[in-house]
Amino acid sequence: MVTPASHPKALIAVLAACLVLPLAAALTPATGNASAHSPDVNDIILSINESFIEDSIAAIQAFGPHPTGSEACTRVRDYLTQRLEAWGLEVYLHGWSRRSYQGQNIVATWPGIHAELPPVVVSAHYDSAPGSPGADDDGSGVASVLAAARALREYSFNRTVAFVLFSGEEQGTLGSLSYVHDLYHQGKQVAGVINLDGIGHTETESGGRNVIVYEEPASAWLADAMEEVASDHYQQVRLGLKRLPNTGYSDHNSFLTYGYGALQVEEYEYNHWFHTANDTLDYVNVTYVTHIARLTAGTLARVAHQNWRTPEVTIAVPRHDVLYVFGRELLPLDRGTVLALGPLDMVAEASADTASVTFYLDGEAVAVDEEPPFSWTCRRTLLWDHQMVAEARDAQGNVAVAQVDLGLSLY
Ligand SMILES: [Zn+2]
């Protein structure tokens with residue numbers, strides 16, 4: 001064996017190695033999943049199969065009806081948490097209590113390379129309606145979130161991906177409202193949210209080839225990304241998107257209520273067994289669910305690997321959960337509500353590359369500001385629901401949208 005003492009060159013090599021190795025380690029970006037390789041959307045899509053989806057829905061259904069607060073719901077919670085932890089995801093339970101209900105949301109994350117980038121979220125609800133085993137509502141959504149988690153953990157992405165399973169949905173999206181309330185008041189950003197609720201039932205052949213996407217101005221970019229994935233990977237996904245203005249009733253609304261861009265994915269044909277004892281696998285089209293799970297995972301992978309979106313915009317004023325009187329914050333409110341008496345300033349914070357911000361009220365362009373701070377003062381009396389949108393545009397014409405839903409504005 002060659003010893004360093006007898007060969008100066010060998011000694012220099014050893015010393016050099018001692019110096020270089022730690023340096024190399026310091027330069028390599030810390031990822032939450034160093035072993036994972038860069039994402040291949042097609043591989044991710046193909047890794048999601050029908051037997052995984054069917055087995056997951058069957059396992060959830062086997063717990064019987066599992067409404068929020070029931071023992072069965074706790075057992076479903078533990079079953080899902082164990083699976084996500086077994087795949088190496090970071091999992092925590094977000095406790096909530098609203099009205100006379102309480103429960104836990106399951107929050108699992110797959111850390112991205114750039115922790116400073118806002119995460120992309122996929123969600124579903126694991127509680128069922130009382131008396132219903134909930135195979136379609138929302139076992140189909142939960143199984144698809146699990147499938148996406150299992151597929152994406154093999155890869156490393158620029159952004160963190162959060163897999164969130166809510167409880168309290170059947171009681172009026174109570175779990176998600178609490179989760180998003182906390183997120184908002186902690187000042188946390190979210191790139192976008194895909195919510196899956198009731199994605200398993202088909203009545204006709206065309207029903208199995210289409211899916212409904214409920215969107216809002218702030219989530220149109222995410223629906224665009226989903227449409228691109230559906231067309232680029234049509235052979236494996238086999239779905240057309242029916243994009244509709246948001247009228248969906250599910251957890252995506254909790255995000256939208258606090259101004260986060262969210263969309264809802266829903267089955268094309270209505271399931272008459274919803275909320276009944278017959279909401280079982282017998283009436284779930286597993287191939288259809290698998291296609292939607294593939295579409296979702298492919299979209300998450302594409303968005304999670306995107307680096308910075310340019311431009312970026314958020315609405316700083318009005319803030320949610322506040323009553324404004326003549327522009328001053330007077331009272332804290334809840335449920336993401338924004339109420340205003342008197343003139344109301346709207347202020348948008350946008351990234352440095354923003355050339356202008358256009359303000360819209362209920363779809364009507366009301367002002368364009370080309371100088372930061374980008375702002376507009378609403379001097380109209382508005383009763384009930386109205387939508388304010390800030391659209392930031394950079395010099396290349398790239399657009400980002402933020403929105404706030406206004407409850408009441410009396411001027
Ligand atoms: Zn549901």
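The values are calculated or read from the model by the stated rules, or taken from the named source; none is laboratory data. As the structure is a computational prediction, the values presented were derived from the model and not from experiment. In this analysis, Cβ positions are derived from the backbone assuming ideal geometry, glycine residues included, and neighbour counts consider all displayed protein chains. Just the protein is used for accessible areas: all its heavy atoms, side chains included, with ligands, DNA and RNA removed. Shrake-Rupley method; radii C 1.70, N 1.55, O 1.52, S 1.80 Å.
Details
- Most tightly packed first, judged by the mean number of other beta-carbon atoms within 10 Å of their residues, the peptides 239-249, 142-152, 354-364 read 142-152, 354-364, 239-249.
- Probing with 1.4 Å while keeping every protein chain in the model, the per residue accessible area of region 313-406 equals 50 Å².
- A Gaussian network model of the chain, with springs between Cα atoms under 10 Å, assigns the largest mean-square fluctuation among 114, 386, 275 to 386.
- Average Cα contact separation per residue, the chain, under 8 Å, 6 or more apart, as relative contact order %: 16
- Each peptide in 173-182, 334-343 receives the mean, over its residues, of other Cβ atoms within 10 Å, and ordering these scores from highest gives 173-182, 334-343.
- Accessible surface calculations at 1.4 Å, restricted to protein heavy atoms, place region 27-305 at 36 Å² per residue.
- In the chain, helices alone account for a calculated mean residue ellipticity at 222 nm of -9000 deg cm²/dmol, with every DSSP H run of four or more residues adding -39,500 (n - 2.57).
- From the alpha carbon centroid of region 238-263 to that of region 268-338 is 5 Å.
- Heavy-atom accessible surface of the chain: percent carbon and sulfur, 1.4 Å: 55
- Cα-based shape type of the chain, given that a ≥ b ≥ c are square roots of the gyration tensor eigenvalues and the cut on a/c is 1.5: oblate
- Length added when fully stretched, residue 331-residue 102, from 0.36 nm per residue minus Cα-Cα: 79.9 nm
- Distance from region 129-180 to region 373-402 (C-alpha centre basis), Å: 31
- Dipole of the chain, positive direction: furthest Cα of 103, 249, 286, with charges on the beta-carbon: 103
- Each of the peptides 366-375, 71-80 was scored by the mean count of other Cβ atoms within 10 Å over its residues; in descending order, highest first, they stand as 71-80, 366-375.
- Relative contact order of region 43-120, pairs being alpha-carbon contacts under 8 Å that are 6 or more residues apart, as %: 19
- Translational diffusion of region 313-406, µm² s⁻¹ [Kirkwood Rh, Cα pairs; Stokes-Einstein; 4 °C; 1.567 mPa s]: 97
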